[in-house]
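The values are calculated or read from the model by the stated rules, or taken from the named source; none is laboratory data. Every value quoted in this text rests on a predicted model; they were computed, and no experiment measured them. For neighbour counting, all protein chains shown are included, and Cβ atoms are generated from backbone atoms with ideal geometry for every residue, glycine included.
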């Protein structure tokens, strides 16, 4: 009892003065739900920041989009999303992925791009809904379809979704693609390589039909090899020596990751061969001239870059798990490379505003910005899911919300920042943005 009284007293003070080292310490106490007493302390004459840190997230029904979307003068180009599950930024090189690298050099390459999460479920949700994944349950229970998909359908687009992994788990088929007609939820194939090859074959086979229809089309290709990290023996090349399979029991903080990473690089190399076929087919059908292509990953894949024994993804919110390459092919635009921060939340607004003719303010349907908005504030970006998420603050400081409501604050390398002072005004603005689409 005495320990809990002391802990609650310290936490009450920590919240009042916004001392991160005290706030974050509460997470190590089991079954502890800390108290606050800001108003009482104010009555006692103590002073603190004029803004009170408020980490409450709404749980009610949603009002999304805020207003009905209006469309005028839509350009209606073809749009293709090519997604690579678990794409590590180190592989977008001339040696590992020469086709993707040349594609990046010839188009719009965003070097500082953040996903909406560190795992597939919430990354894909954030990309297509263009809002944080704290809305997942509300969108699912309310049968809300992404405004992006709705607009494509309203504008007469043929929609074709080609996913190597099943769309049933995570249940994208009933959330993200619930309104897509004739949706194929599973792709035949004995191995991940077989399924990645199959979606490439299917996409190429249907291009002449889509071209002949005279209607614009939206297609998605979602490759899984970089997530599975496994290849048939005869495809496990050119990088040697490489592991024959991903044996996670061997992973330690002190091991040399090179043989494991070479297996991963071989997976990316094989995806690159599929991309070569896709780009060749588009040129053959002369569809590259009126088609926007978005090439990116759902989230990153860590190979212990932080030297804290983190491997793969879903483990932390450092850039190795939440940053991915982003390349856009926009017909008529000259190659350019961008260093400012962009996010998955920016992709849909760019498509909607620039090419689908949506005239609403972007804030009606997205927490993002136009990708071209170089001076837009993308600080305090939200990454993660409904129970555990983080804000990426200025300087890539990570403010991670734990399940008990406390904050763990680290630098971009996951090193604790016990003296970090939370800018309460900016934090509350971020929370207001996070809660924007919950009904009051």
task: Could you tell me which residue of the stretch 152-161 is nearest to residue 366 (Cα to Cα), considering only residues that are surrounded by fewer than 21 Cβ atoms within 10 Å (Cβ to Cβ) and in contact with a helix residue (DSSP H, G or I) (Cβ under 7 Å, 6 or more places away or on another chain)?
output: 159
message: For the stretch 191-213, check the following and say yes or no: at least one residue is on the phi < 0 side of the Ramachandran plot, surrounded by 14 or more Cβ atoms within 10 Å (Cβ to Cβ), part of a loop (DSSP other than H, G, I, E, B) and in contact with a helix residue (DSSP H, G or I) (Cβ under 6 Å, 6 or more places away or on another chain).
response: no
Unique match (being surrounded by fewer than 21 Cβ atoms within 10 Å (Cβ to Cβ), under 25 Å from residue 138 (Cα atoms) and in contact with a helix residue (DSSP H, G or I) (Cβ under 6 Å, 6 or more places away or on another chain)) among 166, 185: 185
message: Please go through (1) assigned to a helix (DSSP H, G or I); (2) more than 26 Å from residue 61 (Cβ to Cβ); (3) within 23 Å of the chain's Cα centre (by Cα) for residue 126 and return the number of the only condition it doesn't satisfy.
response: (2)
task: Filter the stretch 399-420 down to residues that are surrounded by 14 or more Cβ atoms within 10 Å (Cβ to Cβ) and assigned to a strand (DSSP E or B) and give me whichever is modelled with the lowest pLDDT.
output: 407
query: Does the stretch 214-225 hold any residues that are outside any loop (DSSP other than H, G, I, E, B) and surrounded by fewer than 19 Cβ atoms within 10 Å (Cβ to Cβ), and which are they?
result: none
message: Taking the criterion of being closer than 22 Å to residue 137 by Cα and without any contact (Cβ under 8 Å) to a residue 60 or more places away in the chain, would at least one residue in the stretch 312-329 satisfy it?
response: no
- line: Reported set for the stretch 377-398 where residues are under 15 Å from the mean Cα position of the chain (by Cα), in contact (Cβ under 8 Å) with a residue 24 or more places away in the chain and not in a strand (DSSP E or B) is 378, 380, 385, 386
statement: Only one of (1) crowded, with 22+ Cβ neighbours inside 10 Å; (2) within 22 Å of the chain's Cα centre (by Cα) does not apply to residue 228, and that is (1)
query: When you look at residue 283, is it part of a helix (DSSP H, G or I) and within 26 Å of residue 198 (Cβ to Cβ), yes or no?
result: yes
task: Could you check, for the stretch 357-370, whether at least one of its residues is within 19 Å of the chain's Cα centre (by Cα), at pLDDT below 95 and on the phi < 0 side of the Ramachandran plot?
output: no
message: Filter the stretch 307-320 down to the residues that are assigned to a loop (DSSP other than H, G, I, E, B) and either farther than 14 Å from residue 396 by Cα or under 13 Å from the mean Cα position of the chain (by Cα) (or both) and list them by number.
response: 307, 308, 309, 310, 313, 314, 315, 317, 318
message: I need the full set of residues from the stretch 355-376 which are free of Cβ contacts under 8 Å to residues at least 60 places away in the same chain and out of contact with any helix residue (DSSP H, G or I) (no Cβ under 9 Å at 6 or more places or on another chain), in order please.
response: 361, 374, 375
- prompt: Is it the case that residue 208 is touching a residue at least 24 places away in the same chain (Cβ under 8 Å) and over 30 Å from residue 75 (Cα atoms)?
  reply: no
message: Looking at 132, 171, can you tell me which residue is surrounded by fewer than 17 Cβ atoms within 10 Å (Cβ to Cβ) and either in contact (Cβ under 8 Å) with a residue 60 or more places away in the chain or closer than 25 Å to residue 401 by Cβ (or both)?
response: 171
